[in-house]
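Worksheet: one structure, shown below.
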Amino acid sequence: MPDLRKILSMTDDELDDLLALWRDRLKSEGKSHNTIKAYFDAVAAWRHWCTAGGHDLELTRGGVAAFVASLRDDGKEAATANARHRGLRRFAAFIADEDGVGDPLAGMRPPKLDRKVVPKLNDDELAALIRACDGKGFRDRRDEAIVRLASEAAARAEELLVLTLDDVDTKRGVAIIRRGKGGVGRVVPFGPKTGLAIGRYLRMRRMHARAGEPALWLGERGKAFGYYGLYGALRRRAERAGIEHFHPHRLRHTAASRWLRAGGSEGGLMAIAGWRSRDMLDRYVEDTKMERAAEESRRLGLGDV
């Protein structure tokens with residue numbers, strides 16, 4: 001059987017052709033744009049490391065381990081090193097399957113992830129963030145609707161941004177996330193206040209220059225509304241509310257913590273948030289675990305004897 005390491009000793013043009021084929025394969029499998037980008041970023045980083053360091057362009061366990069170790073030595077986050085490792089594993093598996101060769105990276109363990117605590121917003125901070133959206137302008141209505149939906153439905157920023165008008169039903173109080181992470185869709189509920197905020201935004205949206213477009217969220221002055229627009233809009237609201245170190249992902253953590261604190265089940269939260277792994281649940285609510293345990297202890301009243 002041919003050796004994958006020898007197959008990768010090819011010219012840049014040959015490797016580019018192989019990457020183009022891989023991209024087509026990933027698209028045919030329904031992989032998201034972000035997933036494909038992450039895989040290709042991994043291969044690009046590895047190629048640069050090989051070229052800059054005079055390493056052979058070969059996917060070996062030792063070479064990949066050295067590449068990943070260099071990322072950590074350069075101060076890259078464990079999550080970045082893990083993503084690079086995963087991308088190279090996927091690339092090696094693709095070649096092995098495509099050309100019927102052995103995969104030298106099969107079974108290779110990824111680097112351990114640091115478990116970072118992403119702090120949720122407490123009730124006062126969330127209320128302050130919503131108040132920071134006060135106003136009757138288009139941006140005000142849009143930003144409040146986004147904050148309320150994100151902090152209640154535990155949706156990812158990317159999932160919010162691809163919502164269309166047809167995906168939101170304010171009468172039923174549900175939003176349809178047609179394709180979440182891993183290609184899994186789900187229906188997420190929201191309450192009357194969020195429904196009211198979305199309804200007010202939709203009323204303003206009808207007067208927008210791009211009102212005929214299917215995208216739910218629109219930018220200003222005819223511009224599209226992508227991640228950087230979302231990040232900038234909510235960051236400004238957070239600054240007005242006096243919330244430091246804000247990023248949109250904190251709203252997903254906030255929704256998860258509030259769900260459990262209100263007595264919601266872990267299984268229900270996993271379904272709403274689109275998690276298939278219990279480990280993801282633990283990561284998102286790590287910062288409030290002891291707080292919830294203390295509240296539970298007080299309710300149990302085991303010392304009342």
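The values are calculated or read from the model by the stated rules, or taken from the named source; none is laboratory data. Just so it is clear, the model here is predicted, and its values are computed rather than measured. Ideal geometry is used to build each Cβ from the backbone, glycine not excepted, and the neighbour counts take in all protein chains shown.
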### Task
Considering only the range 216-245, state which residues are modelled with pLDDT of 90 or more and more than 21 Å from Ala175 (Cβ to Cβ).
Gly232, Arg235, Arg236, Ala238, Glu239, Arg240, Ala241, Gly242, Ile243, Glu244
### Message
Out of everything in the range 37-96 that is part of a loop (DSSP other than H, G, I, E, B) and of a type in the set (Asp, Glu), what residue ends up being surrounded by the most Cβ atoms within 10 Å (Cβ to Cβ)?
### Response
Glu58
### Query
Just one of Arg179, Arg90 is basic (Lys, Arg), modelled with pLDDT of 90 or more and over 30 Å from Glu239 (Cα atoms); which is it?
Arg90
### Query
Does Met280 count as out of contact with any Leu (no Cβ under 9 Å at 6 or more places or on another chain), in contact (Cβ under 8 Å) with a residue 60 or more places away in the chain and surrounded by 14 or more Cβ atoms within 10 Å (Cβ to Cβ)?
no
